[in-house]
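Right, one structure below, let's go through it.
The values are calculated or read from the model by the stated rules, or taken from the named source; none is laboratory data. In this text the structure is predicted, and so the values were computed from the model without any measurement. Because the Cβ atoms are built from the backbone with ideal geometry, glycine has one as well, and the counts that use them run over all protein chains shown. Side chains are part of the model used for accessible areas, which takes the heavy atoms of the whole protein and leaves out ligands, DNA and RNA. Shrake-Rupley method; radii C 1.70, N 1.55, O 1.52, S 1.80 Å.
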Amino acid sequence: MVRPTQLLYPQREPASLRPAATVLLLRDTPDGIEVLMTRRSMTASFAPGAYVFPGGGVDALDGAAHAQATRRAGQSDLHLTQAIAAIRESFEELGILLARRSDGSMADAGDIAALDRKAPFAAQCAARGLRLAASEVFVLAHWITDRDLPRRFDVPFLVARMPNSQNPVADEAEQFEPVWVRPADALARHQAGSFFIIFPTIRTLERLQAFTTVEAVLTACAATEQPLWTSCPRAGLLAGQEARYMEHESPYGELALVCPDGQIVHTLDWQSERPVALLKNVLRLTAPNPGAMTGPGTNSYLIGDPASGYIAIDPGPADAGHIERLWRAAKNTDGVGGQIHLIVCTHSHPDHAPGARPLQALCQGHPPILGLSSRPTARAGSAFTPDRELQNQELLTLTGQGLEGEITHTLQVIHTPGHAANHLCLVLLEDGLLFSGDHVLNGSTTVVDPPDGDMTAYLDSLDLLSAACDTHGIAFILPAHGYVLGPAKDAIEWLKAHRLQREAKVIAAMRTKPHGTLDDWVALAYQDVPAQLWPVAARSLLAHVQRVRSLVPGND
């Protein structure tokens, strides 16, 4: 866990959450699913003028109406209360009544006309012999309003089929202009500026596009009785504008590290001209070498502070401008650069290690270059010999006397072969951070290129890193390419599962074409990858093939 003293910004308590519920009323059309949306009042305190799904706050009477609602097996008390709240809100706002008569038929216009939208809802339904059709309302998603907003809600996004015999009529107080719209059309109209929708609505409509029928949506939701996704978005600054992200999107982990309380202060634009502060004791400077294999560029890191000096991790390619900027960023308390005590290379690839000697030459005291020597299996361009070989589990420590007393930054070395035979990762113990080099990347999976790369070693090293997450409370991964990742253990487990799923496809390809070539197999096992990347994918495929053959007795 990151030390609070190392956070860049004073923390503040986000607004408290209010329970609410919203419902997507769906219908089938010849052109696909349509969803009912309505425009919020321009004077609304939350999302004024936005097109939304009907819904609102959960109140005490919703929780007291369980006996008046139908309930399916597996539907929890919480989900039942939320379904009742959504049914009530859809009636109050749009005059839609998800309720059934004693004979099982759906309520119709006569039932709706007999009810007062402003009077207690469940009691009126009970008096008329109607049971709320909560068993027909399913949980699609769970959204928690972003931490930066002054009004926050804890909201299930529910789904239900629109009754055939009913038509929406807005209350003309909170909601206006009910409209049936295909998800793709709503998104296109929003993009064109004629249909304002907010972030959770956008992401929900994007995912709804994957379903072709209402039944497909309801079946997917009924299969688990749990949200298909849960999100509390985070926001940063991109191109000078606020940009919001869900948990599975690349910048999310970085925003969680830098701004855990949700403040919108962190800039996400990639640039190579100046370092980016992630914590008080962690700076990232990205080399100007973007590309298909390097993403936005190679990340060099400075660990430490002006009082303790710095450890430089992965000085990158031998780019004079990048090396000078890295040197200047390592300032002491007097603002003098070059206060680097150790230079560590996670491995010997040409976008990571060549900058070590030029950086060493710039620094006063000639700091030692540490790492593991390249093995005989390394490619010619990856030759590397450190000044000193690092030992597995070795500790590298910086200590300084700052304004708040003595502070220590300790990096633990973990030997992680797989991407390269001499690859290592580093754990900043005091703050629970993993510097993963190329073993774990953000935005892509790393290449495992035999003979220096080995798939079994790679997977075993992932297990080592997963265990280290438990031992050291590692929350975030700082990769050599891309944004910070988090939660760390989840990212590692996803990566291993992805590799094993890919391996299953490789095995299937080998069985389909037992006498095939690598090119034959890559076309089958990497169908989901653009063909222009197949030559690169073929390297990892070879690593999978070698692993598979090594696991089967009698194969060579």
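Ligands, DNA and RNA aside, H66 has an accessible area near 50 Å² when probed at 1.4 Å. Packing, taken as the mean count of other beta carbons within 10 Å per residue, orders the peptides 437-444, 37-44 from highest to lowest as 437-444, 37-44.
How big is the dipole moment of the chain about its Cα centre under a simple scheme where the beta carbon of each Lys and Arg is +1, that of each Asp and Glu is -1, and everything else is neutral? Debye, nearest 20, please. Walk me through the numbers before you get to the answer.
Details: 45 positive and 60 negative charges, 85 e Å.
In total the dipole reaches around 400 debye.
Name the shape class, rounded, prolate or oblate, that the alpha-carbon gyration tensor gives for the range 441-540, where a ≥ b ≥ c are the square roots of its eigenvalues, rounded holds for a/c under 1.5, and otherwise prolate holds if a/b is larger than b/c and oblate otherwise. In terms of gyration-tensor shape, prolate.
Is the range 256-377 rounded, prolate or oblate when judged by the Cα gyration tensor, a ≥ b ≥ c being the square roots of its eigenvalues, rounded requiring a/c under 1.5 and prolate requiring a/b larger than b/c? Show your work: numbers first, answer last.
Values: a/c = 1.78, a/b = 1.18, b/c = 1.50.
Since a/c reaches 1.5 but b/c is at least a/b, the shape of the range 256-377 is classed as oblate.
What is the antiparallel percent of DSSP beta bridges lying wholly in the chain, to the nearest 5?
On the way: 59 of 84 bridges.
In the chain, approximately 70 percent of DSSP beta bridges are antiparallel ones.
Treating the chain as a set of equal point scatterers at the Cα positions, no solvent, please give the Debye-formula log₁₀ I(q)/I(0) at q = 0.08, 0.10, 0.12 Å⁻¹. Log-scaled intensity ratios, in q order: -0.67, -0.92, -1.11. Looking at the range 348-438, the DSSP beta bridges with both ends there are about 90 percent antiparallel.
In terms of its C-alpha gyration tensor, the range 355-432 comes out oblate, because a/c is 1.5 or above while a/b does not outweigh b/c. By accessible area, using a 1.4 Å probe on protein heavy atoms only, the range 301-341 has 48% of its surface on carbon and sulfur.
222 nm [θ] for the chain, helices only, -39500 (n - 2.57) per DSSP H run of 4+, per residue, to 500? Show your work: numbers first, answer last.
On the way: 14 runs with 157 residues, N = 556.
Computed mean residue ellipticity for the chain: -8500 deg cm²/dmol.
Taking T445, T212 and ordering them by how much accessible surface each has at a 1.4 Å probe, largest first, produces T212, T445. Across the options P530, G473, G486, the greatest Cα extent toward the positive end of the charge dipole of the range 472-550 (unit charges at beta carbon of Lys, Arg, Asp, Glu) belongs to G473. In plain terms, the chain is cut at each of the GluC sites (Glu not before Pro) found in a DSSP loop with at most 12 other Cβ atoms within 10 Å, and the longest leftover piece is 1-171.
Taking Cα pairs under 8 Å and at least six residues apart, what relative contact order does the range 331-487 come out at, in percent?
The normalised contact order for the range 331-487 reaches 17 percent.
Between the range 63-109 and the range 430-508, the C-alpha centres lie 46 angstrom from each other. In this structure the chain gives 43 Å² per residue of accessible area when probed at 1.4 Å with all protein chains present. Pick out, from A222, H190, T145, the residue whose Cα sits farthest towards the positive end of the charge dipole of the range 121-242, with +1 on the Cβ of Lys and Arg and -1 on the Cβ of Asp and Glu. Final value for the positive-end residue is A222. Listed by chain and number, the lysines whose alpha-carbon sits under 21 Å from that of K331, ignoring those within fewer than 8 places in the same chain, are K280. Between the alpha-carbon centres of the range 254-296 and the range 1-54 there is a gap of 27 Å.
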